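To start, the structure under review is shown below, and the notes come after it.
The values are calculated or read from the model by the stated rules, or taken from the named source; none is laboratory data. Fair warning: this is a prediction, and the values are worked out from it, not measured in the lab. Neighbour counts run over all protein chains shown; Cβ positions are idealised from the backbone, glycine included.
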Amino acid sequence: MSIRREGPVTERLLTLLQQHPGPDPERSGPSDAPIVPHSTLTRRQAVAIFESAIQSRLQDLLSRELKDKGISYYTIGSSGHEANAIFGAQLRPTDTAFLHYRSGAFLAARQRQGRGETPFFDSMLSFCASAEDPVSGGRHKVLGSSTLQVPPQTSTIASHLPKAVGYAMAISRFRRLGLPIAGGVPYDGIVYCSFGDASLNHNSAQAGFHAAGAALLHNQPCPILFACEDNGIGISVRTPDTYVARMMQARPGIRYFACDSQDFPGVWSTAHDAIDYVRTHRRPAFVHTKTVRLMGHAGSDVETNYLTLDDIERNEARDPLLGFADLLLRCGALSREQILALYRDTDQRLRRAATEAAQRRKLTTVAEITAPLVRPAPFASELRVATRERRLEVFGGKLPEDDPRPRHLAYRIPQALTDLFAGYANAFLFGEDVGRKGGVYHATAGMWDTFHGGRVFNTILDETTILGLAQGLAQAGGIAFPEIQYLAYLHNAIDQIRGEAASMQFFSTGPHDREGGAPRAGYRNPMVVRIAGLAYQKGFGGHFHNDNSVGALLDIPGIVVGVPARADDAVLMLRAMTAAAATHGMVNVCLEPIALYMQKDLHAPGDGLWQFAYPPPNECMGLGEGRVYDAGDDDDLVIVSYGNGLWMSLRVAKKLRAQGIRARVFDLRWLLPLPIAQVKQHVRATGRCLIVDECRHSHGGPSPMLLTELCQDPELGDCVLRRVAAVDSYVPLAAAANLVLVQEDDIERAALAICAAKVR
């Protein structure tokens, strides 16, 4: 018994091709005639499909050979799933496709409609992890193409379904607003989204189906074709035979179609009907294709560990290429000699491409690898400001900078958003309750009245859907401003940022890279995610509304995270993030402290010192640029903080001055990128540093990273470094919250202790 099944699978197909009796005279016909009576698939079209299928199969086999030689690094293949080439052939190259990792034949078929790609060589560059790979630049083996509307996907399970739905919903919004869709996608385009039967169980898949169905019930167009390729097994876990059908046939709002890859002409007809339904009705559909997985999950997967030899051979006997090749030979679409020549020629061409690709340049430096993750430093010149006339229109005849009265945080945020939406016609604001209600904390008040439902709208209550919609709108050419109602809610869907939105530029290399210029992503996710969060809400809500941890965000490469503690900083920060999104495609997170939304006073009730004027419209803030308060030449220490900690630290600094201790306060403002150089400058000047981190002690906030950077700097070896942080605990309800959160007394005691300590 052979553990490796490449040989038996190949031998079975070649034996059929070599020993086939040849055409059946009763089935012969011209090349443009249907290949069987029950389908419109012509012989000519069938041959093209078979060519794509053979390319995909031979790529799989070659990838395993190259892996054995240490040349290639990826062996999850498409063998047994080649019927998806039919969808690649029937869909337009402008129909955006979010692909399952077993969609190699789909991509090969789409490349036949290509725009100058070199399919064999490009595929081998990807298999060999060459820096010249036009899809990912050698950073991962992905299926994708920036010229053929295939956003790159890595080892996708189902996390791409929400953004595929988001893209489908974006098409109608762009059409309604007269906005061009990125990549020249026409308004009658549809979205194709493929996945496996095991992926159906994933919460992201269910979110995608639910969002698509909900869109229909809300009378919103959602032209998406879900394509489930059901091979009956997820690695080693079987899928019951009727499982997918029973789960999806009665799904509200989604039309169900079914076919079997043993019948390629039948798949052709089903695909035609499903595509036509989605394109004509602008409604979601689900195509359930029965297929088979050949040669295991990947090259390292030994099927005999969980399947009997009889099971394996029964699967191999259902190889869809066997039946398809038999049909082509029996009807005379190809002769035995032609089909064998096609097989040999495709194999030789792929091997020549692999030999060349293996010699092409690899990624060899950290700078090359991380280039797509480098955060820009946007200048005010990159900010798009609307004309004075347009600004007067959206602000009702009175500009906010002309109002002399200082205002609080929640008052300025909707003004900042209004200004930005006036300048960026492709900006969209959405989330739970952000429409007419104006948000739970009124941070989007007036936006719906000014820009209406096309650009400002409510979503269903699901963070995965909200962030999936953000990606769809962003990839279609918009700037997405999704709102997550509370920081804790983000954890329901954070992989939509970590695994999808933020990784897109890393895995998406644009054509400019191949010419040796500066890195430019083929696909980007320009967005500003607004999250109401952090703690100190005076006992409200317990841990789910008082979430004092940003650690999960700080672990995501390449994103921008800012925390505006005061009104004018919120305006400037939102401008900086919007410029970074619009110009550089960045994923930004604006974390707005709920406890400071309505805060007007600083030291005493009624002093109004936590209200600020509206910054001039052309003024912007640099990413990673902090702010210092009350710096003097004879300061005893610097207190470094952010968010609620800043407000408390400023109050403590006043108390310390009454005791003869001068403390400057430094507001980080940005958690990614951290203003490390500025912090070091102030620590060096004072010799003492107290970091006030309102997040949890172990891994909740930025203080561990800050302390590490400060401790490793030899120039700061004589400085005293301390921090105060919250207890490693969830935040309880009511006054008990004060026992685990940082309090002003904690900050004052720590500052006094530092100043009493003798500097080493």
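Side notes on the structure shown:
- When every residue of the range 668-681 is checked against the conditions, none turns out to be assigned by TED's automatic domain parsing to the domain that holds residue 743, surrounded by fewer than 24 Cβ atoms within 10 Å (Cβ to Cβ) and more than 39 Å from the chain's Cα centre (by Cα).
- Scanning the range 286-310 for residues that are closer than 19 Å to residue 243 by Cβ and not hydroxyl-bearing (Ser, Thr, Tyr) yields 286, 287, 288, 290, 292, 293, 297, 307.
- Count of the range 303-328 residues which are outside any helix (DSSP H, G or I) and of a type outside the set (Val, Ile, Thr): 4
- The residue of the range 371-396 that is farthest from residue 620 (Cα to Cα), among those that are touching a Phe, Trp or Tyr at 6+ places or on another chain (Cβ under 9 Å) and modelled with pLDDT of 90 or more, is 394.
- Criterion (touching a residue at least 40 places away in the same chain (Cβ under 8 Å), part of a loop (DSSP other than H, G, I, E, B) and in contact with a Pro (Cβ under 9 Å, 6 or more places away or on another chain)) met by exactly one of 139, 115, 102: 139
- Looking only at the range 92-109, and only at residues there that are charged (D, E, K, R) and at pLDDT 95 or above, the one that is nearest to residue 190 (Cα to Cα): 95
- Within the range 599-621, the residues that satisfy the criterion of being surrounded by 17 or more Cβ atoms within 10 Å (Cβ to Cβ) and either outside any loop (DSSP other than H, G, I, E, B) or not aliphatic (A, V, I, L, M) (or both) are 599, 600, 610, 611, 612, 614, 615, 617, 620.
- Residue 159 within 24 Å of residue 372 (Cα to Cα) and not in a helix (DSSP H, G or I): yes
- One residue from 404, 378, 372 being out of contact with any Asp or Glu (no Cβ under 8 Å at 6 or more places or on another chain), surrounded by fewer than 19 Cβ atoms within 10 Å (Cβ to Cβ), in contact (Cβ under 8 Å) with a residue 40 or more places away in the chain and not small (Gly, Ala, Ser): 404
- Residues of the range 82-94 satisfying the condition of being surrounded by fewer than 24 Cβ atoms within 10 Å (Cβ to Cβ) and in a loop (DSSP other than H, G, I, E, B): 92, 93, 94
- Of the criteria (1) without any contact (Cβ under 8 Å) to a residue 40 or more places away in the chain; (2) touching a helix residue (DSSP H, G or I) at 6+ places or on another chain (Cβ under 9 Å), which one residue 287 fails: (1)
- One residue stands out among those in the range 420-467 that are acidic (Asp, Glu) and either in a loop (DSSP other than H, G, I, E, B) or out of contact with any Phe, Trp or Tyr (no Cβ under 6 Å at 6 or more places or on another chain) (or both): the one that is surrounded by the fewest Cβ atoms within 10 Å (Cβ to Cβ), which is 449.
- Of all residues in the range 609-631, those that are more than 20 Å from residue 391 (Cβ to Cβ) have Cβ atoms under 8 Å from Cβ atoms of residues that are at pLDDT 95 or above and among the acidic types (Asp, Glu), 6 or more apart or on another chain, in 609/601; 610/601; 626/667; 627/569; 627/667; 628/667; 629/667.
- Of the residues making up the range 624-660, those that are in a loop (DSSP other than H, G, I, E, B) and in contact with a helix residue (DSSP H, G or I) (Cβ under 6 Å, 6 or more places away or on another chain) are 626, 635, 636.
- Residue in the range 543-564 that is closer than 21 Å to residue 419 by Cβ, in contact with a helix residue (DSSP H, G or I) (Cβ under 8 Å, 6 or more places away or on another chain) and assigned to a helix (DSSP H, G or I) present: no
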